[in-house]
1. Just to be sure I understand the model, the point goes 7 Å from the Cα along the line to the Cβ. What's the resulting LEU96 to HIS199 distance in nm?
2. Taking every pair of Cα atoms in the stretch 51-155, average 1/r, invert it to obtain the Kirkwood radius, and report Rg/Rh to two decimals.
3. Identify the GluC sites (Glu not before Pro) of the stretch 5-35 meeting these criteria: DSSP loop state and at most 13 other C-beta atoms within 10 Å of the C-beta.
4. Checking the table LYS45/LYS174; LYS6/LYS192; LYS114/LYS208; LYS6/LYS113; LYS2/LYS184 against a 29 Å threshold on Cα-Cα, which pairs fail?
5. Given (1) 0.97; (2) 0.92; (3) 1.01, which label gives Cα Rg over 2.2 N^0.38 Å as computed from the coordinates?
6. Where does the charge balance sit around LYS2 when Lys and Arg score +1, Asp and Glu -1, over other residues with C-beta under 12 Å from its C-beta?
7. Compute the relative contact order of the chain as a whole-number percentage, counting only Cα pairs closer than 8 Å that sit 6 or more residues apart in sequence.
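Laboratory data are not the source of any read-out in this text; all were calculated from the coordinates shown. All figures in this text were calculated on a predicted structure; none of them were measured in a lab. Methodologically, a virtual Cβ is constructed for each residue, glycine included, from the backbone with ideal geometry; neighbour enumeration extends over all protein chains shown.
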Amino acid sequence: MKIEAKELTKMYGEGENRIIALDKAALEIAQGDFISITGPSGSGKSTLLHLLSGLDRPDSGSLAYDGREIYGLTDRELSAFRRRCIGFVFQQFHLLPVLTARENILMPLLLDKKQPDEAYLGQLAELLGIADRLNHLPHELSGGQQQRVAIARALIAKPEVIFADEPTGNLDSKSGREVMELLKTVGEKMGKTLVIITHDNRIAAMSKRRFSIVDGILTEEVLG
């Protein structure tokens, strides 16, 4: 799935209080890309992720997935598009405490009234190293294990694109590195596109393409 963003602009406030959170950002993302976006706090990187994933709409600009302009969709259509085509991983794990790891992973399918693919669930659990933890509640899991469950949940509907916003932010450096290695491995083995927001340059260095954003201006870094 090819993603094309053109002239994405997002502003907050009015008059003297107006802030340009994102200023005419443009990028193309090819199927299987692993992209990182870094920048200081308040630079606009989370705003960009929200626009690229359809969680928010810009003040101007366009966004097309395989040539289909998604900002023209109704909120209901856009919600359905996200459920079926996009997976999300956040800094907060957002696991429901009364559900087992397995139940948390399957939640997106239940919301979309789909039957789980047990073989695929098993494959994900093995890849992520949580096959023996599926019947445990979140409080019985380590932080790294909880984030692995969250990654499995993001992948269970077989989306083509994964957006991750500071996915290692709540983990120690060792667990964070392990989680990112797993995300990278899963992306490569399953042909997923990964777009990662991070403040950690060591995490960004794992990506194929690196972008930085400062004061709403997006720039692709030239590597090697």
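1. Using points 7 Å along Cα→Cβ, the separation is 3.2 nm.
2. In the stretch 51-155, Rg relative to Rh is 1.04.
3. Taking the stretch 5-35 and a limit of 13 other Cβ atoms within 10 Å, the loop GluC sites (Glu not before Pro) found are GLU14.
4. LYS114/LYS208; LYS6/LYS113
5. (3)
6. Neighbourhood net charge equals -4.
7. 31 percent
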